[in-house]
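Scroll down for the structure; my scribbles are underneath it.
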Amino acid sequence: MAGRSNARVPPLSERQWAFLMRVAVRIVPAVADLDAAGRSRFVAIVSKALAERPRPIQHQFGLFLGVLRWAPFLRFGSPFDRLPPEDEDTVLRWFLDAPVAKLRSGFWALRALAFMGYYGQPEVWPSLRYTPSFRGNEMLHG
């Protein structure tokens with residue numbers, strides 16, 4: 001196929017990443033305390049998860065971020081990222097139980113990615129007192 005590149009297309013644009021990080025802070029407040037390396041790990045974890053999804057799903061997720069950003073304009077007269085924190089929380093609670101299944105699914109996907117991006121970092125585990133054993137069942141049978 002002439003004209004097609006095999007280069008991997010990033011799952012989100014820079015603007016979408018910035019918005020996702022803004023929302024992630026509302027879902028997992030500790031994301032705000034990540035240093036540059038922690039934010040980089042967050043993005044790497046979420047990028048990998050998105051890259052493993054089919055391109056149409058990645059596209060749908062990007063569209064969902066746009067809907068989440070602009071839907072509050074109908075009620076509050078401003079996009080999500082220009083709302084005060086309490087109104088951002090109101091919007092997120094609405095999406096959590098939205099009457100439209102696609103909106104609920106999009107929010108739950110976003111929520112899962114925010115949790116994955118933060119709690120998936122081994123560097124944050126000590127602060128959570130999470131000390132997993134990677135020896136599996138040998139502890140049970142040893």
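The values are calculated or read from the model by the stated rules, or taken from the named source; none is laboratory data. On a predicted model such as this, the values are computed, not experimentally measured, just so you know. In this analysis, Cβ positions are derived from the backbone assuming ideal geometry, glycine residues included, and neighbour counts consider all displayed protein chains.
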For segment 113-129, check the following and say yes or no: at least one residue is crowded, with 17+ Cβ neighbours inside 10 Å, among the hydroxyl-bearing types (Ser, Thr, Tyr) and either modelled with pLDDT of 95 or more or assigned to a helix (DSSP H, G or I) (or both).
yes
Residue pairs within 8 Å by beta carbon, gap of at least six or interchain, first lying in segment 12-30 and touching a residue at least 12 places away in the same chain (Cβ under 8 Å) and farther than 18 Å from TRP94 by Cβ, second part of a loop (DSSP other than H, G, I, E, B) and among the hydrophobic types (A, V, I, L, M, F, W, C), listed first then second, are LEU20/LEU12
Residue check, SER47 in a helix (DSSP H, G or I), within 11 Å of the chain's Cα centre (by Cα), farther than 20 Å from PHE95 by Cβ and among the polar types (S, T, N, Q):
yes
